[in-house]
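Everything below concerns the one structure shown next.
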Amino acid sequence: MLIRSLLLILSLSFSVFVDADELTLNKNAPKSYIVKKGDTLWDISGIFLNQPWLWPKLWRLNPDINNPHLIYPGDELRLVFDEKGHPMLVRGKPELKWSPRARVQLKDQSAISSLPLDVISPYILYGSVLSEDEIEKLPYVLGSDEGYKSSIDGFNVYVNEELELGQGYGIYQKKDEIYDPETEEFLGYNIRVVGTGKVLRTGNLENNVPATIYVDGTKQEIRSGDFIMPVNENQQYPSFFTLKPVNKSLRGQIINSANGFREFGKLEVVMINLGAEHAVEQGDVVSVKRASPGVIETSNGPVYSQGGSRWNRMASVDDSDYKMPEEVVGEMMVFKVYQKVSLALVLRSSKPLRVYDIITSPLVND
């Protein structure tokens, strides 16, 4: 299902704002580029543009190609200019070797995807964050036909709810509490899927008969009290993602990473302390910024705050005598939005990103 869905992701629509639609080519943009296996449309647009989300303004249809929306490994992309001097990108015809084998290989190729959806698909299929109230409203596991905790596939668990026959469910446990690093507000719980299964019997609450789920996959011991949620098996993988830079004042922080480390880079999934209540939407592109180290003036000249004496730091406001600039160190795309937090995929990083790095709009100077 996943592989088939990924192969169907052929193109990506981008939305741009009227006040930020001026194309700026990268200083070292090449005159042509040969598409490689593993490339994504975002990667390729970043080769040519300073603003990858403006890809459609650079891309032009080539009438010599039957379906110009599809890009395959081996295709040549050429940077040219129209009669008004505006840059445009066209797809050249791939070079073919005159052999049956070469033709078969070309036919079997798949168009490149817009984004590495295999990275984010588990987070689309399964939940990651819930509030206490949301957890309390969910059905939960009463017990199993084995009569004990189990981490082996192939047994039945019973749930205190009537469920849809054949529906797939994830079985979850509540994990770490999530707090906003700035306000210390409680944002919810990290939840972790510990097993998956399908409904064998729907149950009948009127007669106190629980529903039965056949567990076909376990990642961890399943316990009585673990709660369940439907798996988004019919979730359409986001070929419909409308990547758009956030064009409003926005400020937040990275508060966690899926890999559990404090530093991470391209194609890592992170959590930010901005969600639906901050008007964040799926497909939003945000900048990641980092404040430059603080500097304090001393009798011996300027020194970094971290290297200054305790007295110097106490005499300085906010541990720095200057409001040092915040520099862009990366870009991310929000792909799943909860009420108070969101999950984002790192699309670019000039250096390792860190927990507590700042999230802002790429178009607005805060």
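In table form, for the structure just shown:
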read-out	value
Leading residue by the ranking (modelled with the highest pLDDT) among those in segment 281-291 that are of a type in the set (A, V, I, L, M) and crowded, with 16+ Cβ neighbours inside 10 Å	Val288
Condition broken by Phe14, with the remaining ones in (1) more than 20 Å from the chain's Cα centre (by Cα); (2) at pLDDT below 75 satisfied	(1)
Some residue of segment 133-143 being of a type in the set (Lys, Arg), out of contact with any Asp or Glu (no Cβ under 8 Å at 6 or more places or on another chain) and either assigned by TED's automatic domain parsing to the domain that holds Met332 or within 30 Å of Met333 (Cα to Cα) (or both)	no
Filter result for the condition that a residue is more than 30 Å from Gly38 (Cα to Cα), of a type outside the set (D, E, K, R) and modelled with pLDDT of 85 or more, over Tyr158, Tyr148	Tyr158
Evaluation of Gly92 against (1) touching a Lys or Arg at 6+ places or on another chain (Cβ under 8 Å); (2) at pLDDT 75 or above (one fails), failing number	(2)
Of all residues making up segment 121-145, the number that are touching a Pro at 6+ places or on another chain (Cβ under 9 Å) and modelled with pLDDT under 80	1
Residue, nearest to Phe227 (Cα to Cα), within segment 150-195, restricted to residues that are of a type in the set (S, T, N, Q) and free of Cβ contacts under 8 Å to residues at least 60 places away in the same chain	Gln173
Residue in segment 266-280 that is modelled with pLDDT of 90 or more, exposed (fewer than 15 other Cβ atoms within 10 Å of the Cβ) and in a loop (DSSP other than H, G, I, E, B) present	yes
Within segment 243-263, considering residues that are over 13 Å from the mean Cα position of the chain (by Cα) and hydrophobic (A, V, I, L, M, F, W, C), the one farthest from Lys340 (Cα to Cα)	Phe261
Boolean, Lys137 is surrounded by fewer than 17 Cβ atoms within 10 Å (Cβ to Cβ) and touching a helix residue (DSSP H, G or I) at 6+ places or on another chain (Cβ under 7 Å)	no
Qualifying residues in segment 229-265 (those that are of a type outside the set (Asp, Glu), under 30 Å from Ala211 (Cα atoms) and modelled with pLDDT under 75) - the one surrounded by the most Cβ atoms within 10 Å (Cβ to Cβ)	Tyr237
Some residue of segment 29-46 being assigned to a helix (DSSP H, G or I), modelled with pLDDT of 80 or more and farther than 19 Å from Leu267 by Cβ	no
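The values are calculated or read from the model by the stated rules, or taken from the named source; none is laboratory data. Worth saying up front: this structure is predicted, and the values here are computed from it rather than measured. Every residue, glycine among them, receives a Cβ derived from its backbone with ideal geometry; neighbour counts consider all protein chains shown.
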